[in-house]
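The values are calculated or read from the model by the stated rules, or taken from the named source; none is laboratory data. Remember, it's a predicted structure, so these values are computed and weren't measured experimentally. Cβ placement follows ideal geometry from the backbone for every residue including glycine, while neighbour counts extend to all protein chains displayed.
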Amino acid sequence: MKLPVWLHWVFALSALACAGLFGYALLCDAQRPAQFQQRLVPELAVVDRCELCHEAPKHPKWLEDSHPPERFGCTPCHGGQGYATSKDAAHWASSDWERPLRTPAEQAAACGRCHLGIQPPVPQVAKGRQLLASKGCASCHAIPGVPRPDFAPELSGLRDAVSPDFVRTWLTDPGKLLPSHRMPTFRLQSQQIEALLAFLWSVPGPALAPLPSDLSGDGERGKKAVAARRCATCHRIDGRGGEVGPDLALAGMKLQPAWIYTLLLDTHRLRPHTQMPGFQLDRQEAMDIATYAGEDWLADSGVAPWKQREAPVQPALAEQGKKLFGELGCAGCHRLGGPLGEPIAPALDRLGDRLVVDLPKTSTGTSQPDVPSWVALKLQVPTAFDQKGAMPSRMPTMPGLAPADALAIGTALASLRAQPLPAGYLRNHDPPERRLPAGETGRLIDRFRCLVCHTVGGHGGEVAKVALDGAGSRLNRAWIESFLQSPVTVRMNQAERMPVLGITGAQAQQLAAWLQGSQGDDRVPLAQAPTPTADLLQRGAALYAKAGCPTCHVAAGSGTMQGPTLDGCAVRLQVGYVQTLLTMPELVPAARHTGVQLSPGDAAAVAAYVLGLPAAPSP
Amino acid sequence: MLNWLKSIWNSLWRVGWPRDERASVKAMLSSLLLHLHPPKIRPESLKFRATWAAGLVSLVLALQLTVTGIYLMFYYIPHPDAAWRSMKDLAFVVPLGTLTRNAHRWAAHAMVAIVTVHMLRVYMASGYKGSRQANWVAGVALWFLTLALSFTGYLLPWDQLAYWAVTVGSNMAAAVPLVGDHFRQLILGDRSVGESALLRFYVLHCVALPAILFLIVGFHLFRVRKDGGLVVSEHAPGGGRGDEGHKLVPAWPHLVYRELIVTLVVTATLLALALWLQAPLEAEADPSRTPNPAKAPWYFLGVQELAHYSAFWGGVFVPAATLLGLALLPYLDTHAEGVGRYLPKERRIAQALFAALLLFMAVTTVVGTLFRGPAWALMWWPK
């Protein structure tokens, strides 16, 4: 038996096919670059072959210096596939590579991976992180690096403070009552509002001090007291004032007088976590202010003023409200006589790891270009990604969130990834940890809520332009003590803002000792005033005029009131401080001394002249 | 000089190129590679329908997997920090790296399928009866080893696909009652897929399992030869006794040449597949990012589909019972009727049982592969 001929044909064809296909494979393979140009950064697991095609990067000099490619590679910032040796594979997503080149927002987020803290030098990320903190996002979501907010009012004892009608209006449309409110909108139905109301009405708060029967309040006196205590530094009154505390236009309408009276006398018992300092008032003054509030602080909002009436509590409804209170995460912002509740929403600690294709699509199937945009849309339309048949999103709508703000928040969130980077690459832009003195001094600083307005070591509020850092080297102790007891302005053209807290002499001594003892400035020496010879004073006066000091300061009856008045300033300022500021304008940036820099000799002369100025006679 | 070289060449062969039938028989008996063949063979056994060439294709694929696998081993680093990156280097830097990897991948998938087809054909022809009982068991072992090799190799690229497929697979192993957790611990060296699992899978895939596989392949081929080649029907000329009263042809060249051709066709097909079908490589394995759904390799998706209904019954009992049933089959079904024919009337029950099992496997695998979406929910439009 012989082999059939077709078998030979099959043999020949398949042998030819093998050879041909293998040859073709070799031919294709010859297109691989013969020589490799790659950047290796082992710490970041970077293998970047971008420079096979691209020239070396042309970054601006500052970027070149701070982020040399040898240390950072290309893809950690730009994205794309560094391993690739072909154009498409390097730049675009494929089934083998899900992360294409980064969009601008993703690039900013990539900066935020190393630049940690609330104030990184990346505007988008910094803005986003500040918004994350100020909008209270961390009350529902655990977000690394973002503190849990504590600015919402305590809700225990709500029935003692406000009327049910107020709560109903507030939960329906808070903007109607307070345009600058921070409460997000939860899309509640009226039945849910009634349930929440019933629950809140069942939670008792600290007992109120009864309005004294032996005193009668005087609205006129109360109005004067509010002005004298400078409440407007934090509260808006008649449309003017600060925004640290709530607008007082609402106070008289919503609050029961006994509650206001108790708050004024015993602030921190009623509201342990408030930003409001504990004013040291007497009962009469508190009574006057409570009376004034009831007469005058009635905004035209259509809500009935507070009346002594209780919403009847139905236990079943209250139980329902309690459940709702938990489900909506109300306890993340509002205390109920205890600590804040745990975050109820998903942790956002690795949003940067997510691929936008893996995130839910909108109901119309539109996809977002990147994770920051996805977050932005979610923030603006929380229900945008609700799936048919699934539970609708419980996420509330944030008030006053511009599209750019939403994108900034998305960018900040996209900077969070699970994989930690090597410590050598991380930069923390947060101020160092806040340390307040222990003991009575610390209690006083807390009682008067100094850090709501002033900063110390980068922490605290910026209502006051004066940072307390270095104050101990700038100001005389005796002056600090008297200022704390009766604060007078040193800048004549500005409204007096430091609240009159009623600090006693002993308390003022304690606080002044703290400022002097621990808030010094290493750059300022303790100097003695030089003997004021006539020659020195004359030279000082001449230099004072020549350096242009009268442009801002008033001295000896002439000058403008841009800066603090200098007549009699020796009472206030330390000699070493004046001398140093004149030689070193950057000492106190807020002093706006830039451009005035004298030699030590000249500075001594000007300081001698200025500190020798007598106090102006009181008008 | 030429004569000297010629003498070296001739020293390799015990007999020269066979010129006649007698010489070809001698050649078959005297060569290491060829002596696994019978010197003469029934012409019917040469027909495609007699074997579907499935056993030979399986062997060719196994050899090609060995060759490509060794090349991949030159570049592959079995450590979580480096494994995925070495895949990237294979894709972009190593000469013929992509081709080799693609070929290895597709040959592995094909081998799972072809070995199954081989087993199916032998079942249909009752090739597991009489003296062939033990060889069927060896075949079942080889089928299992093929799956094990494919599964261990699946992890090595250390991408999301690999990581989660093996996580799903090892979780199914953990559903074994009582010893499940220990069993998984044994496979993974840990409670989850990680560094030690990668090393274990690597050693199993590249050393232990291939060694066992080729040992059993040797036994398997030896027994085919000793048990008289293909099973022959009693209706065939010669009364089913194979080599008596019937004209046989020499295995050289009739069998050997055909084997060579099959090898070439398989090679060409594999090259074509490797050139135009890219083996997937997803993002680097990330234990914190679970794909939804996480799916096992396709040949385990039937089991995963069953495990979705019950981890023990679907994920453990049914596969174990199937494997045990297959292994015991030659000792349970010893009827001699219908041997050597594909669809004999005498074996309707066996055929029905087998068809049912096959259909069941096919349906569950297809459903698991194509019609299961996120959270293992049914989806009617395959993605």
| field | Subset of the stretch A:228-254 [surrounded by fewer than 18 Cβ atoms within 10 Å (Cβ to Cβ) and part of a helix (DSSP H, G or I)] | value | A:ALA228
| field | Selected residue (criterion: farthest from B:SER310 (Cα to Cα)) from residues of the stretch B:186-202 that are surrounded by fewer than 16 Cβ atoms within 10 Å (Cβ to Cβ) and without any contact (Cβ under 8 Å) to a residue 24 or more places away in the chain | value | B:SER196
| query | Could you count how many residues in the stretch A:111-131 are outside any helix (DSSP H, G or I) and either free of Cβ contacts under 8 Å to residues at least 12 places away in the same chain or not small (Gly, Ala, Ser) (or both)? | reply | 7
| Which residues, taken from the stretch A:61-93, are polar (S, T, N, Q) and at the interface with chain B (Cβ under 9 Å from one of its Cβ atoms)? | A:GLN81, A:THR85, A:SER86
| task | Give the stretch A:46-71 a look and list any residue that's over 20 Å from A:SER86 (Cα atoms) and in a loop (DSSP other than H, G, I, E, B), or say none. | result | A:LYS58, A:HIS59, A:PRO60, A:HIS67, A:PRO68
| note | Over the stretch A:191-209, the set of residues in a helix (DSSP H, G or I) and of a type in the set (A, V, I, L, M) is A:ILE193, A:ALA195, A:LEU196, A:LEU197, A:ALA198, A:LEU200
| Matching option when the condition is under 30 Å from B:ALA375 (Cα atoms) and crowded, with 17+ Cβ neighbours inside 10 Å, among A:LEU413, A:LEU451, A:LEU444, A:LEU407 | A:LEU413
| request: Name every residue in the stretch A:374-414 that is of a type in the set (S, T, N, Q) and modelled with pLDDT under 95, in order of residue number. | output: A:GLN380, A:THR383, A:GLN387, A:SER393, A:THR397
| message | It is to be established whether one or more residues within the stretch A:100-110 are within 14 Å of chain B (Cβ to nearest Cβ) and either in a helix (DSSP H, G or I) or not β-branched (Val, Ile, Thr) (or both). | response | yes
| remark: Exactly one of B:LEU264, B:LEU209 is under 22 Å from the mean Cα position of the chain (by Cα), crowded, with 18+ Cβ neighbours inside 10 Å, touching a residue at least 24 places away in the same chain (Cβ under 8 Å) and more than 30 Å from A:ASP353 (Cα to Cα), and that one is B:LEU209
| What residue, among those in the stretch B:285-328 that are among the polar types (S, T, N, Q) and either within 15 Å of B:VAL166 (Cα to Cα) or free of Cβ contacts under 8 Å to residues at least 12 places away in the same chain (or both), is farthest from the other protein chains (Cβ to nearest Cβ)? | B:SER310
| message | Just to be sure before I move on: is B:LEU264 in contact with a Ser or Thr (Cβ under 8 Å, 6 or more places away or on another chain), under 30 Å from A:HIS8 (Cα atoms) and at the interface with another protein chain (Cβ under 10 Å from one of its Cβ atoms) in the structure I sent? | response | yes
| request: Consider A:LEU171 carefully, then state whether it is over 23 Å from A:MET276 (Cα atoms), assigned to a loop (DSSP other than H, G, I, E, B), at pLDDT 85 or above and in the same structural domain as A:GLY205 (by TED's automatic domain parsing). | output: no
| query | Residues in the stretch B:269-279: is at least one of a type in the set (Val, Ile, Thr), within 14 Å of chain A (Cβ to nearest Cβ), touching a Cys at 6+ places or on another chain (Cβ under 8 Å) and surrounded by 16 or more Cβ atoms within 10 Å (Cβ to Cβ)? | reply | no
| field | B:ASP81 vs. criteria within 18 Å of A:ALA84 (Cβ to Cβ), facing chain A (nearest Cβ under 9 Å), surrounded by fewer than 18 Cβ atoms within 10 Å (Cβ to Cβ) and without any contact (Cβ under 8 Å) to a residue 60 or more places away in the chain | value | no
| remark: Sole miss for A:GLU433 among (1) loosely packed, with under 13 Cβ neighbours inside 10 Å; (2) over 19 Å from the mean Cα position of the chain (by Cα); (3) without any contact (Cβ under 8 Å) to a residue 12 or more places away in the chain is condition (2)
| remark: Over the stretch A:138-169, the set of residues under 27 Å from the mean Cα position of the chain (by Cα), aliphatic (A, V, I, L, M) and closer than 22 Å to A:LYS254 by Cβ is A:ALA152, A:LEU155
| task | Just name the residue that is nearest to A:ALA142 (Cα to Cα) out of those in the stretch A:369-393 that are outside any helix (DSSP H, G or I) and under 25 Å from the mean Cα position of the chain (by Cα). | result | A:PRO382
| said: Give all pairs with beta carbons closer than 7 Å in which a residue from the stretch B:337-361 that is closer than 27 Å to B:LEU306 by Cβ meets a residue that is surrounded by 13 or more Cβ atoms within 10 Å (Cβ to Cβ) and among the aromatic types (Phe, Trp, Tyr); count only pairs at least 6 apart in sequence or on separate chains. | reply: B:PHE354/B:TYR123
| query | Any chance the stretch A:17-38 includes a residue that's in contact with a helix residue (DSSP H, G or I) (Cβ under 7 Å, 6 or more places away or on another chain), farther than 20 Å from A:SER86 by Cβ and either more than 10 Å from chain B (Cβ to nearest Cβ) or in a loop (DSSP other than H, G, I, E, B) (or both)? | reply | no
| request: Read through the list (1) touching a Leu at 6+ places or on another chain (Cβ under 7 Å); (2) farther than 30 Å from B:GLY338 by Cβ; (3) at pLDDT 90 or above, then give the number of the only condition that B:MET28 fails. | output: (3)
